[in-house]
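Read through the structure below, which is laid out as structure tokens, and then see the notes.
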Amino acid sequence: MRLPILSLCIAVICLATQAIAQSNLTKEITINKIDHQRIGSVLQKIAAKGQFTFAYNNQTIPADSLISMSDFNGTIYSFLSTTLGPDYEFKEVPGYIVLRHAPNKMLMNATVDDVKDQQLTIRGQIANVGTGQPLAQVSVYEKNQLVSTLTDDKGEFELKLRNQTGSIVLTATKENYRDTSLLFLQEVKVNSKKSKKRYKYYPDEAANKLGKGFTRLFIGSKQRVQNMNLGGFFAFSPYQVSLTPGLSSHGMYSSQVVDDVSLNLLGGYTAGVEGVELAGLFNIDRWNVSFVQAAGLFNVVGGNMNGIQMAGIYNHVLNQAGGIQMAGIANSADEVKGAQIAGLFNVAKKVKGVQIAGLFNVADSSDYPIALINFVKNGRKSLSLNYDELQYLHVDFRSGGRVLYGLIGAGYNFSHTNKYAFDTGFGAHLINQHFFTLDAEYGYDALTDFKKDPDQISSFRLLTGLKVSKRIQLFAGPTINLASYPTNDPLDVHGWSIHKYVSGNNINNIYATITGGLQFTW
């Protein structure tokens, strides 16, 4: 039965044809004679003059191919059609012209099979225009209502939509096929209110970075197909609620929606967030997240994170993390502008801020890493050998960035009952001249024989260094120490006593001394 709510059905629209009427594609351009130039270079020049961006996949668009042509005068659409040929589709979205390899066409047939007060059901089938064969795994969506589905093996689909006034546009998209749309015209009420929807486009390569890695374990195969079909075209919504990535208030379309508030009882998979995102276990976002994101286990962001990101175990940002990353075990980001704080380790490339970790930091450049070990590519690392006032011979490893560094090492005493010393600490490079250096550092030593509680020494040192070669320097300087050891096994301290007092069974001794040694730096 055909229902009266639809006064007109159906107009088939190929978006490639529709794109001709859009602004950037219809701009007139003039190109002088081209002689063996890369297509990609020519596109860059056109985009720069037109103040937009061409978005395409290098694997399907021959950007590195060389072209030669005589003077050209015409529209951008005509130039693209002439240069790339009929197997390519051109779509315009805000700020971009999207180039797609789409040699095939599809046909969509659909009808409204059921209408209730608040909901209507559209059923249909999609087939290959050339062969007539049904097409499986085609994404069919209504972008204003943020609803989508995939066709089955028979090319059939079913979509449940809100019953609304005005038009409904279904769009079908699939890799290597031209997008096709179907327009349903409904009764129009003059007094009806229709909320405005926001849309934005991000290049496909950036929007699909999460297709690899461990996040695949939490994203269903249908959602991955949906991502490939719909690419980087995102819509915006006030909120979404999900139980798991596949059970969301936006359904499978959740990966194309940027929300103001995202609440995920167990885990969620969205395009991004501009507000607050909370999850019992995990959050996975294809693109940017702003302001606050928190999860019991982990957060993964495919674009940039700006604000506060908190996870019980792990945070991972594929691009830039601006603000604060806090995790029980680890944080990872391509670039950091702010702070990374983790129980065990942090990983980044370029850091403009602070890295704080219980064990180690990894970065290409990081001026302010705070951890026992810092693997900073352009940082400073050294091995030192020194003999202290307690007659321990120490070997210490210092590693860090331009300003801060960490210290870890060990020592041995040939005469004391606590023969072994374990050193940790951190410091700052105050001066680093060609021949002269000055460092300030805090160190903690635990002296032990592994049979009883260790003696403990905290030290504040001011170390001057004299470089005798590019890699070797001598260092020495004053230290203020606080030693705590049992009254029945006192330490033989060689230094200037400042204050000594007994607390329970322990002696607390504050004293000053001079330390020094040899350091190999790289």
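The values are calculated or read from the model by the stated rules, or taken from the named source; none is laboratory data. Values in this document were obtained by computation on a predicted structure and should not be read as measured data. Virtual Cβ from ideal backbone geometry, glycine too; neighbours counted across all protein chains shown. Each accessible area value is taken on the protein alone, full model and side chains, heavy atoms only, with ligands, DNA and RNA left out. Shrake-Rupley method; radii C 1.70, N 1.55, O 1.52, S 1.80 Å.
Do we have residue 442 as open to solvent by less than 70 Å² (accessible area, probe 1.4 Å), among the hydroxyl-bearing types (Ser, Thr, Tyr) and free of Cβ contacts under 8 Å to residues at least 24 places away in the same chain here? The answer is yes for residue 442. The set of residues in segment 376-397 that are surrounded by 18 or more Cβ atoms within 10 Å (Cβ to Cβ), in a strand (DSSP E or B) and without any contact (Cβ under 8 Å) to a residue 60 or more places away in the chain comprises 376, 392, 396. A single member of 475, 450, 520 is open to solvent by 80 Å² or more (accessible area, probe 1.4 Å) and assigned to a strand (DSSP E or B), and it is 520. Looking across segment 416-438, the residues that are surrounded by 14 or more Cβ atoms within 10 Å (Cβ to Cβ) and of a type in the set (Phe, Trp, Tyr) come down to 420, 422, 426. Tallying residues that are within 19 Å of residue 48 (Cβ to Cβ) and small (Gly, Ala, Ser) within segment 79-102 yields 1. When residues in segment 363-375 are screened for being buried (at least 22 other Cβ atoms within 10 Å of the Cβ), farther than 20 Å from residue 457 by Cα and small (Gly, Ala, Ser), 2 of them pass. Taking the conditions (1) at pLDDT below 95; (2) closer than 18 Å to residue 421 by Cβ in turn, residue 497 satisfies each one other than (2).
Restricted to segment 3-104, the set of strands (runs of 3 or more DSSP E) holding at least 3 residues that are at pLDDT 90 or above and touching an Asp or Glu at 6+ places or on another chain (Cβ under 8 Å) comprises 72-75, 96-101. Checked against (1) farther than 22 Å from residue 94 by Cβ; (2) in contact with a Ser or Thr (Cβ under 8 Å, 6 or more places away or on another chain), residue 243 passes all but a single condition, namely (2). Filtered by the rule that a residue be open to solvent by 20 Å² or more (accessible area, probe 1.4 Å), assigned to a strand (DSSP E or B) and out of contact with any Asp or Glu (no Cβ under 9 Å at 6 or more places or on another chain), segment 105-123 gives 107, 109, 111, 114, 115, 119. Among the residues of segment 124-137, are any loosely packed, with under 14 Cβ neighbours inside 10 Å, assigned to a strand (DSSP E or B), of a type outside the set (D, E, K, R) and over 34 Å from the mean Cα position of the chain (by Cα)? The answer is no; no qualifying residue exists. Sub-6 Å Cβ pairs linking a first residue in segment 300-312 that is surrounded by fewer than 24 Cβ atoms within 10 Å (Cβ to Cβ) to a second residue that is assigned to a loop (DSSP other than H, G, I, E, B) and not aromatic (Phe, Trp, Tyr), at least 6 apart or interchain, are 303/288; 304/288; 312/296; 312/297; 312/328, ordered by first then second residue.
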